[in-house]
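Asker: Handing you this structure, nothing more for now.
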Amino acid sequence: DETILALTTQNTCYVTHDQGYSWEIVAPGEEILSIHVNPYNSDHVYLIAANQKVVYSRDRADNWKSFRTPSLPSPNTQPIRFHPRRDSWLIWLGQEGCTHPGSLSCRTVAYVSKSFGKRWLEMQENVNMCSFIVKLHENTFNPLVLCDRPATKSNNFRSELMYSEDFFKTREVVLTNVVDFETSGEYFFTTVEKGDSGVVEAYVSTNGKNWHKTSLPAGLELSKHQAYTIISATEYSVWMHITTNDRSSTEFGNILKSNSNGTYYNQIVSNVNRDLRGYVDFEKMEGIEGISVINTVLNPNEARAGARKKVKSQITHNDGGNWEYIHPPAIDSNGVKTPCYGNPLEKCSLNLHGYTERADYRDTFSSQGALGMMVATGNVGETLQSLYDGNTYLTRDGGITWKEVRKGVYMWEYGDQGSIIVLVNSLDQTNEILYSLNEGDTWETFRFSEEKVWVEDISTVPSDNSKKFLLFTKLAMRHGDRSRVFQIDFSTLYKRKCNLDVQNLESTTDDFEIWSPQHPLSPDNCLFGRETRYLRKIPGRDCFIGTQVVQPHLIVKDCACTRQDFECDFNYIRDKDDTCRLIAGYSPPNHLQDMCFDRKGNRNKDQVEYWVSTGYRKIPLSTCKGGFEMDKKEVKACPGSNARFNEMYGITKMGVFKAFVSMLGVVGISLVVGRYVVKNYGDKL
């Protein structure tokens, strides 16, 4: 179903099971403070109510129950936490002793329940945060809980990070002088202050127990008050933004990328724009790996002195291996040639308004269902201009080519896995939407109201496979602060479901086409060392997709390696000529240690050889084979593996002897031929 929960400014919660067509009040008479959906089971939702009460549902908001909380919710953190494997296990973070503002006895206490809130057990007091720790890809019911504790008299005024596997009957302190703690994906991060120097060190863990100090790029040192943002964390790498200029309104910093366990970091791009809140102009494309868009500051020195930032957009198609300015469309939406088109990209590129200017962080450029498509607002020129002077743009091929679809600034939303695109004016009052049924080739207008309203948001189900959309609007000021929600249903536009025959995609009755993403500098359909095929509805076909299409459809082959499959190794930085150069004063990374030994220094017996650093390393996402392998020049045996190494690379005593004899033969023949040539033809040479 298409269930939505809405919380009004009057603290009343409403629910709809038909995506906005009909609504009913949840828990009448209760004052609802916040809504929390279990991120590991979206059928479960919890409403934090006033007076120490939680109203919850375990069947997509059909039936509701309630329980009493052991204390009032903590205002400093999300009060309820969930276990990734056990739905009935909850952590409650509440306030105790807060009889009046500024009370010295006021503290946050962590409780645990294993019965959907029926019974509570106090675990630990004086905490900032507590969370269950379970690796998502492991089928385990480990009761491990990790807590971040502030500096108090009870712990000698040293903040602590500690864990317990018995709900704090016993505990283990893993780090002290902790400044901050965050989780992202499969990784856990914390920073620890070194003495009273103000300098902090970053630590990472994948299990909450074992923590490893991260190695940052040369010359980069974190301070206690320096902001860092985890902007992406996958099984391949962690992306971190480190602020290098924190002057108000001119903030920016560098993006670092780690190895697979998040311990070693290398700088992949500098002077990336961020705002006062720590949000970064960075966005990964959903559905296709390795494509990201950023905004960089062109005048960092002037911005540090207080000048207005000059911002320009860049895109990567190989997971940060290299970045380039975005190619502008040749003509605008009226068919008029783009004035600067044909000039170098430094002077004429497409620049997009990013994360830092977004009213709702969920309004992303792309969608998991609308493969290869992005919609954004911006302008063509040397730098990004004011939002109010922007236009709306669309790409269908993963950001290689773009076209202007409308003058002005519009909100957007995808439906039916990209076969429906809806736009609505985001700056002015309106009573119309624009929609396209052919991936932006043509647009139709639909009037949804006689009276013009301010549209605050346009929404659909998170998978973007619905044919229904909601407009959340505000009436004109003369009506007061009143909201109005409109449902727009495209279901009746289609008479049939699209035909998909995966065994016969060349059939004339099939409504889908095969599409393969590629790197813009690649002559073939290879991206990350492989040709991957996806299924997309043929634009203009008069049908709806409906059921979610499983993607990718097929990985055809692995490709030969090219320059686009490599990025700079640790302690190397990309130069202006696109080569990777060693940072002055630093040594190449020791791949002997990285590849032949684990983090504890134990010999990895399965590893036979290692490659001496060339300054390049293969992008973790790439599966390329052969070709231009920039990371392989000199191979050596791991300690104790000489015999296996020689066997792998065909090196034997007899082989060495034969090679030596052959070399002597070649040298001897060369001497004979050379002497003959000099003797008979020397005067002519």
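Asker: How about segment 270-300: which of its residues are surrounded by fewer than 24 Cβ atoms within 10 Å (Cβ to Cβ), part of a loop (DSSP other than H, G, I, E, B) and of a type in the set (D, E, K, R)?
Answerer: 275, 277, 286, 289
Asker: Here is a list of conditions, (1) buried (at least 23 other Cβ atoms within 10 Å of the Cβ); (2) under 30 Å from residue 396 (Cα atoms), and residue 333 meets all of them except one; can you say which number that is?
Answerer: (1)
Asker: Are any residues in segment 579-608 modelled with pLDDT of 85 or more, assigned to a loop (DSSP other than H, G, I, E, B) and open to solvent by less than 70 Å² (accessible area, probe 1.4 Å), and if so, which ones?
Answerer: Answer for segment 579-608, where residues must be modelled with pLDDT of 85 or more, assigned to a loop (DSSP other than H, G, I, E, B) and open to solvent by less than 70 Å² (accessible area, probe 1.4 Å): 579, 583, 588, 589, 604, 607, 608.
Asker: Here's something else I'd like to know. Yes or no: residue 242 out of contact with any helix residue (DSSP H, G or I) (no Cβ under 9 Å at 6 or more places or on another chain), within 13 Å of residue 278 (Cβ to Cβ) and β-branched (Val, Ile, Thr)?
Answerer: Numbers: out of contact with any helix residue (DSSP H, G or I) (no Cβ under 9 Å at 6 or more places or on another chain): yes; within 13 Å of residue 278 (Cβ to Cβ): yes; β-branched (Val, Ile, Thr): yes.
Here the answer is yes, as residue 242 does meet what is asked.
Asker: Surrounded by fewer than 16 Cβ atoms within 10 Å (Cβ to Cβ) and either touching a residue at least 60 places away in the same chain (Cβ under 8 Å) or among the small types (Gly, Ala, Ser) (or both), is that true of residue 416? Let's see the steps before the verdict.
Answerer: Values: surrounded by fewer than 16 Cβ atoms within 10 Å (Cβ to Cβ): no; either touching a residue at least 60 places away in the same chain (Cβ under 8 Å) or among the small types (Gly, Ala, Ser) (or both): yes.
Answer is no for this residue.
Asker: Test residue 395 against the criterion of being surrounded by fewer than 19 Cβ atoms within 10 Å (Cβ to Cβ) and among the β-branched types (Val, Ile, Thr), and give yes or no.
Answerer: On the way: surrounded by fewer than 19 Cβ atoms within 10 Å (Cβ to Cβ): no; among the β-branched types (Val, Ile, Thr): yes.
Answer is no for this residue.
Asker: State yes or no: is residue 348 over 27 Å from the mean Cα position of the chain (by Cα) and open to solvent by less than 10 Å² (accessible area, probe 1.4 Å)?
Answerer: Details: over 27 Å from the mean Cα position of the chain (by Cα): yes; open to solvent by less than 10 Å² (accessible area, probe 1.4 Å): yes.
Answer is yes for this residue.
Asker: Would you point out which residue out of 237, 215, 197 is open to solvent by less than 20 Å² (accessible area, probe 1.4 Å), at pLDDT below 90 and hydroxyl-bearing (Ser, Thr, Tyr)?
Answerer: Only one candidate passes the filter, namely 237.
Asker: A further question follows. In a strand (DSSP E or B), aliphatic (A, V, I, L, M), in contact with a Leu (Cβ under 7 Å, 6 or more places away or on another chain) and more than 19 Å from residue 363 (Cα to Cα): is that true of residue 458 in this structure? Lay out the reasoning, then the answer.
Answerer: Working: in a strand (DSSP E or B): yes; aliphatic (A, V, I, L, M): yes; in contact with a Leu (Cβ under 7 Å, 6 or more places away or on another chain): yes; more than 19 Å from residue 363 (Cα to Cα): no.
No; evaluated as a whole, the condition is false for this residue.
Asker: With the condition kept exactly as written, say whether any residue in segment 314-326 is more than 23 Å from residue 575 (Cα to Cα), open to solvent by 40 Å² or more (accessible area, probe 1.4 Å) and either free of Cβ contacts under 8 Å to residues at least 40 places away in the same chain or hydroxyl-bearing (Ser, Thr, Tyr) (or both). If you could, list the steps in order and put the result at the bottom.
Answerer: If we filter segment 314-326 for residues that are more than 23 Å from residue 575 (Cα to Cα), which is where we start, we get none.
The answer is no, given that none of the residues of segment 314-326 is more than 23 Å from residue 575 (Cα to Cα), open to solvent by 40 Å² or more (accessible area, probe 1.4 Å) and either free of Cβ contacts under 8 Å to residues at least 40 places away in the same chain or hydroxyl-bearing (Ser, Thr, Tyr) (or both).
Asker: More than 28 Å from residue 236 (Cα to Cα), in contact (Cβ under 8 Å) with a residue 24 or more places away in the chain and outside any helix (DSSP H, G or I): which single residue out of 307, 303, 376 fits that description? Walk me through it before giving the result.
Answerer: Working: 303 fails: outside any helix (DSSP H, G or I); 376 fails: more than 28 Å from residue 236 (Cα to Cα).
Testing whether each residue is more than 28 Å from residue 236 (Cα to Cα), in contact (Cβ under 8 Å) with a residue 24 or more places away in the chain and outside any helix (DSSP H, G or I) leaves just 307.
Asker: Let me ask something additional. Condition first: open to solvent by 20 Å² or more (accessible area, probe 1.4 Å) and either of a type in the set (A, V, I, L, M) or under 22 Å from residue 232 (Cβ atoms) (or both). Now tell me which residues in segment 148-174 satisfy that.
Answerer: 151, 173, 174
Asker: Out of segment 85-136, which residues are under 33 Å from the mean Cα position of the chain (by Cα), at pLDDT below 90 and among the β-branched types (Val, Ile, Thr)?
Answerer: Within segment 85-136, 133, 134 qualify.
The values are calculated or read from the model by the stated rules, or taken from the named source; none is laboratory data. For clarity, every value in this text was computed on a predicted model and none was experimentally measured. When we count neighbours, we look across all protein chains shown, and the Cβ atoms used for this are built from the backbone with ideal geometry, even at glycine. In case anyone asks, the SASA skips ligands and DNA or RNA and just uses the protein heavy atoms, side chains included. Shrake-Rupley method; radii C 1.70, N 1.55, O 1.52, S 1.80 Å.
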